[in-house]
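> Handing you a structure now.
The values are calculated or read from the model by the stated rules, or taken from the named source; none is laboratory data. Not measured: the values here are computed from a predicted model. Positions of Cβ are generated from backbone atoms using ideal geometry, with glycine treated the same way; all protein chains shown enter the neighbour counts. For the accessible areas, the whole protein counts, side chains as well, though only heavy atoms, and no ligand, DNA or RNA atoms are used. Shrake-Rupley method; radii C 1.70, N 1.55, O 1.52, S 1.80 Å.
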Amino acid sequence: MKLLLVEDEKNFAYCLKDELKKDYLIDLAFSGEEAEYKTAEYTYDGVILDIGLPDIDGIRLCKKFRNNNIYMPIIMLTGEENISKKVEALDSGADDYMVKPFHIEELSARLRVLLRRNSQKLKSNVLLIGDVSLDIVTRKVTRADKNIILQKKEFQLLEYLMRNAGKLLTRNMILDHVWDSNVEALTNIVDVHIKYLRDKIDKPFHKKYIKTIYGLGYKMETAKT
Ligand code: CA
């Protein structure tokens, strides 16, 4: 899952990124303009948006996103414990808000709720396809009740495949969601990691879940097919 963190206080932004990068890919934007550019250029699963930005108010920016039919979950950060600000934030189209200072655990939990709401496949913190299970909080992955140890990228790749099971995912879509926007799009980076993942998830088992759609990309089979 890839999130955009929009925050002009760089130290705070880097701190927050450091905490969140365990669970998410985080792109940073230090101004409203940069945020607008990045949301137009890349795909994000969610946005953490600070209200106090140097060039545009976070509330105006949020309205702009919604007016442009950009619907990813947005959680706003406000500096003031002020009811009218919170109401304004929610009315502008934000899904939630946090008042600074906050505990990172609370932000993480709220992010999980928002991202879960946005994903039909995920009713709890566990994604389940056939005998493959992936817990997004404990990061435990099992197949047929056997523990499977995945590297970070393999985990993120499997999570993306499972959230979109049954859908064709092109290499570009996978790159967009699983790799940092700064990463040079090496043409075979996706294929290489699909191979690592297959070696662990599919190879030791009879049923293969990760299908190659020749010339197009990959698809995680749903349990029934
Ligand atoms: Ca700020």
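> Angle between the Cα long axis of helix 189-201 and the longest principal axis of the chain, 0 to 90 degrees, nearest 10?
Approximately 60 degrees, to the nearest 10.
> Give Lys17/Lys200; Lys64/Lys100; Lys21/Lys211; Lys38/Lys207 a once-over and call out the pairs whose C-alpha atoms are over 32 Å from each other.
Lys38/Lys207
> Is it possible to state the helix-based mean residue ellipticity at 222 nm for the chain, with each DSSP H run of 4+ residues giving -39500 (n - 2.57), the sum divided by total residues, to the nearest 500 deg cm²/dmol? What is it?
When only DSSP H runs of four or more count, the value is -11500 deg cm²/dmol.
> Take the alpha carbon atoms of the range 77-126, find their center, do the same for the range 189-225, and report the distance between the two centers in whole angstrom.
34 Å
> Using Cα positions and a limit of under 14 Å, work out the aspartates and glutamates in reach of Lys195, with same-chain residues fewer than 8 apart set aside.
Glu154
> May I ask you to order 25-36, 61-72 by the average number of other C-beta atoms within 10 Å around their residues, highest value first?
Descending mean neighbour count gives 25-36, 61-72.
> If you don't mind, another one. How many percent of the accessible area of the chain is carbon or sulfur, using a 1.4 Å probe?
51 percent
> Same structure, new question: To the nearest 20 debye, what is the magnitude of the charge dipole of the chain about its Cα centre, counting +1 on the Cβ of each Lys and Arg and -1 on the Cβ of each Asp and Glu?
The dipole of the chain has a size of about 1540 debye.
> Let me ask something additional. About the Cα centre of the range 126-220, what is the dipole size in debye to 20, counting +1 per Lys and Arg Cβ and -1 per Asp and Glu Cβ, all else neutral?
Dipole magnitude for the range 126-220 comes out near 320 debye.
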